[in-house]
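Report on the following structure.
The values are calculated or read from the model by the stated rules, or taken from the named source; none is laboratory data. Remember, predicted model here, so these are calculated numbers, not experimental data. Note: ideal-geometry Cβ built from the backbone for every residue, glycine included; neighbour counts use all protein chains shown.
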Amino acid sequence: MQLRSASTSRLLATLLVVAGGLSCGDATGPEGALAFDVPELRLDAAGTGTVVLSNRGALPVGPVELRSGAVLDAGSASVPGARLTAAPADVPTLAPGQTVTVTVGMDAGTLLQPGEYRAELIARTPDGERRLDVRVTAADLQGFEGASVRFDSGPSDVRQGDVARYVASATDSAGAALSPAAITWSVAPAGAGFVAPDGSLVAYAPGSLTVRAQVGAATAERAVTVQARGLGGQAVRVGEGSVLERHTSDLWVHGEWAYTGTWGQRARNGSIRVGDALHVWSLADPVAPVRVGTLTVDARTVNDVKVRADGQLAVLTHEGSNDGLNGVTVLDLSDPAAPQVLSRYTAGLESGVHNAWIEGDYAYLVVDGVGNGMRVLDLSDPRAPSVVASYWAGSSFLHDVYVRDGLAFLSHWNAGLVVLDVGNGIAGGSPTNPVEVSRLGALNGQTHNAWYWPDAGYVFVGEEDFSSPGYMHVVDVRDLRAPREVATFRVAGTTPHNFWLDEATGVLYLAWYENGLRALDVSGELLGDLERQGREIFGLQYDGVGFGCASADGTCTWAPQLHRGLLYLSDMNNGLVVVRPEL
């Protein structure tokens with residue numbers, strides 16, 4: 001069987017570990033051999049330090065990835081865009097008794113105000129991980145004896161989760177104006193909110209707080225009253241199209257039809273079925289999907305299916321095919337109830353295709369494996385498609401692609417988020433000549449999926465981390481050449497999967513595996529920890545907890561799609577679930 005992509009393999013490995021009752025930190029496994037030489041590392045005044053990582057076991061360990069957890073301030077609020085760096089960042093293997101010295105730094109630019117900060121350095125292998133606490137002190141700026149500071153503007157009343165801006169001015173002992181960069185900002189009590197170096201504040205809880213501007217020993221304070229965000233809503237499960245013989249993967253809804261893929265293998269009633277099928281659903285009754293057909297292909301996972309905007313063409317992906325060719329199958333949807341195979345394209349795609357996107361006459365394909373990246377498939381003649389372009393970021397593997405407004409947003413796992421011009425014009429690119437516009441690597445790794453919202457200038461990026469709660473990262477791309485992280489959202493206990501944004505209302509729907517469906521208010525300007533701002537509208541575990549993903553039952557949400565006022569969810573354990581959001 002062909003190897004799955006690393007994220008699919010990691011999901012399968014995690015499920016097997018849970019089923020076997022082992023813990024991630026089991027000292028008898030290979031990961032138990034990894035050890036840091038100190039329990040805590042304090043970085044020096046320059047924000048650097050070293051630590052020794054060793055293999056104390058009897059077997060080789062690797063590959064080892066060294067990644068940063070979130071950087072937290074004294075109130076446990078994360079600092080958007082701040083990350084630990086590690087050199088080396090990747091170790092191919094550690095032999096028994098072998099050590100490696102890791103240089104650790106803080107990549108924060110001007111993001112850190114004076115104070116104490118902490119983060120975790122994570123040494124991760126395919127079998128587990130080790131974590132090291134890292135501490136750093138950002139010192140007060142010096143040389144401002146006799147300075148003074150005062151507030152010029154900024155509100156005294158704000159709403160929880162909204163961004164407010166404060167302006168202060170400072171003078172030195174001679175009365176000369178100082179640069180705004182001389183002013184440091186803080187909020188009290190610690191954890192009541194987050195204030196950026198430019199005086200932008202987001203409050204985390206209703207009540208009161210104090211915004212403080214400081215230059216040397218001089219301070220100015222403003223009392224702020226915080227009103228509750230006051231959101232309310234729920235989601236109601238209203239229907240289901242049950243699939244119990246196979247695990248369900250991704251979905252696409254178009255018109256009165258839905259299409260769902262299948263994943264891995266599932267044992268039920270004494271038989272084992274693999275993910276070799278695409279199911280076709282009639283939504284003539286929107287709350288009662290009826291399976292009207294199933295197309296089987298040579299695959300063990302049909303991870304993704306995409307339908308072109310005109311509803312006439314679809315692409316499904318192959319992984320683990322028996323013939324070893326994998327690739328993609330192109331479908332004619334002239335009769336949406338009975339997709340017809342037009343072609344199967346495999347050249348250069350033998351390692352498997354994990355995800356795809358169709359835009360016009362081109363399909364953007366995510367090819368499994370480090371070094372393979374993206375292929376652009378010309379579908380102008382869907383019976384004889386051909387590859388016309390390729391791209392790889394130079395490290396890690398590609399996991400997903402999202403194309404909009406002539407831009408391709410690549411979720412490139414540990415290489416981060418990559419933006420390509422594929423016809424936008426910003427860098428002279430086209431579908432046949434993708435040109436890199438920018439990339440943002442500092443996203444904790446495991447960059448899984450992305451949704452671009454051009455009107456707001458944000459990209460919502462998923463981090464699929466099974467060993468600890470993953471994050472949704474908000475990346476500001478109003479300057480496409482200089483993306484920067486501005487906010488995060490997380491749900492304790494497990495990791496997110498795919499997203500769908502209702503741009504008309506500013507509500508982001510997030511599939512969160514065992515934690516089900518989450519609805520998040522992403523209207524307005526975004527900053528800081530969104531889960532602390534009263535922005536989550538609802539969370540729905542519509543089938544209870546069960547035994548987790550890829551099991552007999554229980555919630556395991558793979559992907560949402562909003563269609564004509566209803567949310568259609570692909571659920572690994574249940575099939576196609578229909579939910580009505582009530583906001």
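Listing for the model above:
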{"read-out": "Yes/no for residue 488 being under 23 Å from residue 76 (Cβ atoms) and either crowded, with 22+ Cβ neighbours inside 10 Å or modelled with pLDDT of 95 or more (or both)", "value": "yes"}
{"read-out": "One residue from 380, 395, 390 being part of a strand (DSSP E or B) and polar (S, T, N, Q)", "value": "390"}
{"read-out": "The range 132-147, subset buried (at least 18 other Cβ atoms within 10 Å of the Cβ) and either in contact (Cβ under 8 Å) with a residue 60 or more places away in the chain or touching a helix residue (DSSP H, G or I) at 6+ places or on another chain (Cβ under 9 Å) (or both), residue nearest to residue 65 (Cα to Cα)", "value": "132"}
{"read-out": "Residues (in contact with a Ser or Thr (Cβ under 7 Å, 6 or more places away or on another chain) and of a type outside the set (A, V, I, L, M, F, W, C)) located in the range 116-139", "value": "116, 124, 129"}
{"read-out": "Filter result for residue 302 (in the same structural domain as residue 449 (by TED's automatic domain parsing), buried (at least 18 other Cβ atoms within 10 Å of the Cβ) and within 25 Å of the chain's Cα centre (by Cα))", "value": "yes"}
{"read-out": "Selected residue (criterion: nearest to residue 319 (Cα to Cα)) from residues of the range 367-388 that are out of contact with any Gly (no Cβ under 8 Å at 6 or more places or on another chain) and of a type in the set (Val, Ile, Thr)", "value": "370"}
{"read-out": "Residue in the range 211-224 that is out of contact with any Lys or Arg (no Cβ under 6 Å at 6 or more places or on another chain), of a type outside the set (Ser, Thr, Tyr), over 30 Å from residue 139 (Cβ atoms) and in contact (Cβ under 8 Å) with a residue 24 or more places away in the chain present", "value": "no"}
{"read-out": "Residue 213 vs. criteria within 30 Å of residue 168 (Cβ to Cβ), among the aliphatic types (A, V, I, L, M), assigned by TED's automatic domain parsing to the domain that holds residue 156 and modelled with pLDDT of 95 or more", "value": "yes"}
{"read-out": "Near pairs, Cβ below 6 angstrom, 6+ apart or cross-chain, from the range 229-254 (not assigned by TED's automatic domain parsing to the domain that holds residue 312) to any residue that is assigned to a loop (DSSP other than H, G, I, E, B) and exposed (fewer than 15 other Cβ atoms within 10 Å of the Cβ)", "value": "233/583; 238/287; 239/287; 239/288"}
{"read-out": "Test: residue in the range 523-539 that is among the polar types (S, T, N, Q), modelled with pLDDT of 95 or more and either at positive phi or under 17 Å from the mean Cα position of the chain (by Cα) (or both)", "value": "no"}
{"read-out": "Some residue of the range 484-498 being among the acidic types (Asp, Glu) and more than 10 Å from the chain's Cα centre (by Cα)", "value": "yes"}
{"read-out": "Single residue of the range 417-439 satisfying the filter (surrounded by 23 or more Cβ atoms within 10 Å (Cβ to Cβ) and within 23 Å of residue 525 (Cβ to Cβ)) that is nearest to the chain's Cα centre (by Cα)", "value": "417"}
{"read-out": "Segments classed as strands (runs of 3 or more DSSP E), wholly inside the range 444-537, with at least 2 members that are in contact with a helix residue (DSSP H, G or I) (Cβ under 9 Å, 6 or more places away or on another chain)", "value": "471-476, 484-490, 517-521"}
{"read-out": "Scan of the range 231-265 for residues that are surrounded by fewer than 16 Cβ atoms within 10 Å (Cβ to Cβ), in contact with a strand residue (DSSP E or B) (Cβ under 8 Å, 6 or more places away or on another chain) and farther than 22 Å from residue 516 by Cα, ordered by number", "value": "256"}
{"read-out": "Which listed residue, of 344, 268, is surrounded by fewer than 24 Cβ atoms within 10 Å (Cβ to Cβ) and touching a Gly at 6+ places or on another chain (Cβ under 9 Å)", "value": "344"}
{"read-out": "Residue, surrounded by the most Cβ atoms within 10 Å (Cβ to Cβ), within the range 347-392, restricted to residues that are polar (S, T, N, Q) and under 22 Å from the mean Cα position of the chain (by Cα)", "value": "355"}
{"read-out": "Selection from the range 420-472 of residues that are among the charged types (D, E, K, R) and more than 22 Å from residue 67 (Cα to Cα)", "value": "421, 436, 455"}
{"read-out": "Members of the range 148-186 that are of a type outside the set (Gly, Ala, Ser), crowded, with 19+ Cβ neighbours inside 10 Å and without any contact (Cβ under 8 Å) to a residue 60 or more places away in the chain", "value": "166, 183"}
{"read-out": "Any hit, the range 251-260, residues being over 27 Å from the mean Cα position of the chain (by Cα) and among the aromatic types (Phe, Trp, Tyr)", "value": "yes"}
{"read-out": "Residue under evaluation residue 281, criteria (1) surrounded by fewer than 19 Cβ atoms within 10 Å (Cβ to Cβ); (2) within 28 Å of residue 580 (Cβ to Cβ); (3) in contact with a Lys or Arg (Cβ under 7 Å, 6 or more places away or on another chain), criterion not met", "value": "(1)"}
{"read-out": "Residue list for the range 309-335, filter: part of a loop (DSSP other than H, G, I, E, B) and surrounded by fewer than 21 Cβ atoms within 10 Å (Cβ to Cβ)", "value": "309, 310, 311, 312, 322, 323, 324, 325, 334, 335"}
{"read-out": "Residue in the range 185-201 that is among the polar types (S, T, N, Q) and either assigned to a loop (DSSP other than H, G, I, E, B) or at pLDDT 95 or above (or both) present", "value": "yes"}
